[in-house]
Every structure is written in structure tokens, then in C-alpha cells.
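Visitor: Below is a structure I'd like to ask you about.
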Amino acid sequence: MSTQQQSGLVGMSRGTYLRLLAVFLAPALIIYSTFSIYPLISTIINSLYLRLPDGSFLFNGLGNFATLLFDETWSGPFWNALRNNFYFFVIHMVVQNPIGLVLAALLSLPRLKLRATYRTLIFMPTMLSVVVIGFSWQLILSPLWGIAKMFLQFIGLGFLFGPWLGEESTALLTISLISVWQFVGIPMILIYTALLAIPEELIDAATVDGLNQFQAFVWVKLPLIWPTIGLVSVLTFVNNFNAFDLIYAMKGALAGPNFSADIMGTLFYRTFFGNQLQLGDPSMGSTIATMMFVVILIGVMLYLFLIQRRMQRYSF
């Protein structure tokens, strides 16, 4: 076979490969662009326009962002929602992820029986509807007919019960802990999978050196799963700053009492779609959504450039 024939065959093969690649990637690319990229770009563009009383739009540049950050009408609700969102995220970081780590460590014990049953029971709330979770916990914590009050009274701790969902100081904390209970299975499964990937030879060598199960986990397993823990932390950050459904299901769009449970998602919903006597404002709603995107982008970039790179160097 001549050189020209070989080059033609190679070119034909590459062209066929590229066409097949385009055919298989096209459906996913179209769906992703339609439901992710286009709405994102449209939201950013819409945030640059000001809605006039007659319903038309006027280009306003960054004026909407200045209004959101510094105007007395908008800045108070925005900073309150952003502060609550960070509080919501911190609760998940310091409660959910450590519990998920401990559960994953327990599930990875070689002598643990009924491991699959425990794993299924812990992960099951994650698969339930958020509306069902919210409504169920409202019934459980109700001061009138909830079983939480009766249970605490039964064990002699009735004095600890209070209208946790109805007080400004405890509403967001209560919803955060309910969210932790529902989604603790996600970090548990991710960390558990990383623990299973650790070679048994390393654990056997640590055991021969005199380490017990706890010491082997702290000094051998934990350093090897730090990248997975970092990934779990990023997912927690992104998911909590996109949170909306549980708070809306339990406290409505106003996220009461007195907006004490209000986060960026509920503020965006009220602003964009309107609520009760408040008319919807697509421009300011898009501005809030863009700010949510900016906060998430900054958080992910800080993780990638300040933490992930160091963990990669350490893991190798």
C-alpha cells in the first residue's frame, strides 16, 4: 500500500471518528445548552436591564447590582438572605459532613454485620421528596399535635421542647438540621466509596506496625481520602447556595417568621415571580440569581486554586 493510500485511509478514519463523536455528543450538548447554558446567559443579560413601569426594559448596566447592594429597600433583604445562606452552609459543613465521615468509617469496618441494611436506611431519606420531608417534620414538631413534644415528655425532657419552627432564633437552625438528616447519606456514600478504594495491603501493613482500627483510620485512611472530603465540601457549598425547596416547603416564600429563614433562593423566588402584594420583577430577580452564581463561582474557584492543588500535591 502506497503512502498516499495510507494517509487517505487515516484521514477517512479520523473523519468518521469525528462524525461519530458529533452524533453521540450532540443530544447531550443540545440538552445541556438548552437547560443550563442558555438560561444562565439569559439571566446575566436580563440582570443588566431595568424594567420600566410600562413593562418595557431599559439597559442599566451594573445599576441593578448597585441597587441590590446599597439601596435601602433591597440591601437589607439581600444581606439578610446572604448571611442566612452562609449560616445554612456552615451548619451542613460542621454537622452533616463530619457525621457522614463517621458513618462511612463505621460502614467500612470489616466485621460490621448488616452493612447493606444500615447503608440503605441512612440513604433512604435522600431519595424522598422534599415536600414529604418538610410536611412530615412540620407535623412532628408541631406544638399542638406533634409527637416530638410527647416523646420528650415521655423521657422526662419536656422542658426542652419549644416552637422551634415558629421562633426567629431557631427556625433556620431547625430547618438546617432537618436538611442534614435528609442529605447526610450523600457524603456518607461518597466517603464510603473512597474508603473501599484504599488497598487492603496498606491497612494490613499498618496493623502489622501495631496500629488499631482507629489509628489506622486516622493515620492511613484519612490522608488518602482528603480529595474526596474536599469534593464533598464543594458539593455542600454549591447545593446549599442553590437551596430553596425545603425552606419553601416548610415556611413558604416569606421564609418566616420575619424572614429569619430567608435565603438567596427564597429571595430570588419572591423577587422574580412575586408574592402576595409584591409584584414580580424579572430584572431584579435575575440580578439576585446572578449574584448567587457569582458567590458559587468564587467559592469553587477558591477551593480549586487554594485547596485542591495542595491536596493533589499531597496525595501524590
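The values are calculated or read from the model by the stated rules, or taken from the named source; none is laboratory data. This structure is a prediction, so every number in the text was calculated from the model and none was measured. Cβ coordinates were reconstructed from backbone atoms using ideal geometry, including for glycine residues, and neighbour counts include every protein chain displayed. To get the accessible areas, we keep the full protein, side chains included, count just its heavy atoms, and leave off ligands, DNA and RNA. Shrake-Rupley method; radii C 1.70, N 1.55, O 1.52, S 1.80 Å.
Visitor: Restricting attention to the stretch 39-59, which residues are touching a residue at least 60 places away in the same chain (Cβ under 8 Å) and not in a helix (DSSP H, G or I)?
Guide: Answer for the stretch 39-59, where residues must be touching a residue at least 60 places away in the same chain (Cβ under 8 Å) and not in a helix (DSSP H, G or I): S47, Y49, L50, R51, F57.
Visitor: Can you pull out every residue in the stretch 208-228 that is in a helix (DSSP H, G or I), within 18 Å of R309 (Cβ to Cβ), open to solvent by less than 60 Å² (accessible area, probe 1.4 Å) and in contact with a helix residue (DSSP H, G or I) (Cβ under 7 Å, 6 or more places away or on another chain)?
Guide: Within the stretch 208-228, the subset in a helix (DSSP H, G or I) is 208, 213-224, 226-228.
Next, only the ones that are within 18 Å of R309 (Cβ to Cβ) stay: 223-224, 226-228.
Filter again for open to solvent by less than 60 Å² (accessible area, probe 1.4 Å), leaving 223, 227-228.
Selection gives P227, T228.
Visitor: T266 passes all but one of (1) more than 18 Å from the chain's Cα centre (by Cα); (2) within 27 Å of S169 (Cβ to Cβ); (3) polar (S, T, N, Q); which number fails?
Guide: Of (1) more than 18 Å from the chain's Cα centre (by Cα); (2) within 27 Å of S169 (Cβ to Cβ); (3) polar (S, T, N, Q), only one is false for T266: (1).
Visitor: Next up: Just one of Q276, Q215 is free of Cβ contacts under 8 Å to residues at least 40 places away in the same chain, within 30 Å of F78 (Cα to Cα) and over 18 Å from the mean Cα position of the chain (by Cα); which is it?
Guide: Details: Q215 fails: within 30 Å of F78 (Cα to Cα).
Of Q276, Q215, the one residue that is free of Cβ contacts under 8 Å to residues at least 40 places away in the same chain, within 30 Å of F78 (Cα to Cα) and over 18 Å from the mean Cα position of the chain (by Cα) is Q276.
Visitor: Filter the stretch 115-145 down to residues that are out of contact with any helix residue (DSSP H, G or I) (no Cβ under 6 Å at 6 or more places or on another chain) and among the aromatic types (F, W, Y) and give me whichever is surrounded by the fewest Cβ atoms within 10 Å (Cβ to Cβ).
Guide: Across the stretch 115-145, the extreme among qualifying residues is W145.
Visitor: Working only within the stretch 273-299, note down all residues that are part of a helix (DSSP H, G or I) and of a type in the set (A, V, I, L, M). Show your work before the answer.
Guide: Keep residues of the stretch 273-299 that are part of a helix (DSSP H, G or I), which gives 273, 282-299.
Passing the criteria: M284, I288, A289, M291, M292, V294, V295, I296, L297, I298.
Visitor: Of all the residues that make up the stretch 291-312, how many are over 17 Å from the mean Cα position of the chain (by Cα) and open to solvent by less than 40 Å² (accessible area, probe 1.4 Å)?
Guide: The qualifying residues number 2.
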